[in-house]
1. When you check residue 95 against the structure, is it among the β-branched types (Val, Ile, Thr), within 18 Å of residue 17 (Cβ to Cβ) and either surrounded by 17 or more Cβ atoms within 10 Å (Cβ to Cβ) or in contact with a strand residue (DSSP E or B) (Cβ under 7 Å, 6 or more places away or on another chain) (or both), yes or no?
2. Based on what the data block shows, is residue 90 in contact with a Leu (Cβ under 7 Å, 6 or more places away or on another chain) and surrounded by fewer than 17 Cβ atoms within 10 Å (Cβ to Cβ)?
3. Tell me, which residue of segment 44-65 that is surrounded by 14 or more Cβ atoms within 10 Å (Cβ to Cβ) and among the small types (Gly, Ala, Ser) is farthest from residue 23 (Cα to Cα)?
4. For segment 1-9, check the following and say yes or no: at least one residue is in a strand (DSSP E or B) and within 16 Å of residue 109 (Cβ to Cβ).
5. Taking the conditions exactly as written (out of contact with any strand residue (DSSP E or B) (no Cβ under 6 Å at 6 or more places or on another chain) and closer than 23 Å to residue 110 by Cα), does residue 28 satisfy them or not?
6. From the list 41, 56, 70, 76, pick out the single residue that is out of contact with any strand residue (DSSP E or B) (no Cβ under 7 Å at 6 or more places or on another chain) and either more than 28 Å from residue 111 (Cβ to Cβ) or not hydrophobic (A, V, I, L, M, F, W, C) (or both).
7. Can you find a residue that is over 14 Å from the mean Cα position of the chain (by Cα) and at pLDDT below 95 anywhere in segment 36-52?
Amino acid sequence: MADTQILKILAQKSPSAAVLTRLYTSPLQARVQIKSLFVCNRSAGALSYRVAAVPNGVVTPATHHYIFYNKAIAANDSDSIEAPMFLNGGDYIDVYASSADLSFTLFGNED
C-alpha cells in the first residue's frame, strides 16, 4: 500500500560554520514522525556535516547521539536521507556544518 500521508517541512536552517545548531525540537505534547532530511551543499568545494538525534532532557549531544558524524558531501550536491523515526515531546535534532554553505531541510508529521 502506498504511503499517502502528506509531509510538511518541519525545519529549515543554514547554520553558521562549525557551530552545533538546533534544527528542530518536538513540541512537548506531541509525537513527531520524521521521514527525511535533505542536506544541500551550495559551495564549489566538498564539505561535511553532522546530525544528532537527542532525547529530551539532554543539554548537549553525546557521541552516541550522532547518526551522522563528519559525513562528506560533494561540491554542489545534495544528500537525501530517509530517516524514518519518531521523536517524543522535547526530543530534538541538532546539526553541524563544516561551512555556512550547507542547508538542512527536515520533513515529517506532527501528531
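1. yes
2. yes
3. 46
4. There is at least one residue in segment 1-9 that is in a strand (DSSP E or B) and within 16 Å of residue 109 (Cβ to Cβ).
5. yes
6. 56
7. There is no residue in segment 36-52 that is over 14 Å from the mean Cα position of the chain (by Cα) and at pLDDT below 95.
Condition check ((1) under 16 Å from residue 19 (Cα atoms); (2) touching a helix residue (DSSP H, G or I) at 6+ places or on another chain (Cβ under 7 Å); (3) at pLDDT below 95) across all residues:
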residue: 67; (1), (2), (3): no, no, no
residue: 76; (1), (2), (3): no, no, no
residue: 83; (1), (2), (3): no, no, yes
residue: 103; (1), (2), (3): yes, no, no
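The values are calculated or read from the model by the stated rules, or taken from the named source; none is laboratory data. Because the structure is predicted, anything quoted here is derived from the model rather than measured. Quick reminder, even Gly has a Cβ in these numbers, built from the backbone with ideal geometry, and neighbours come from all protein chains shown.
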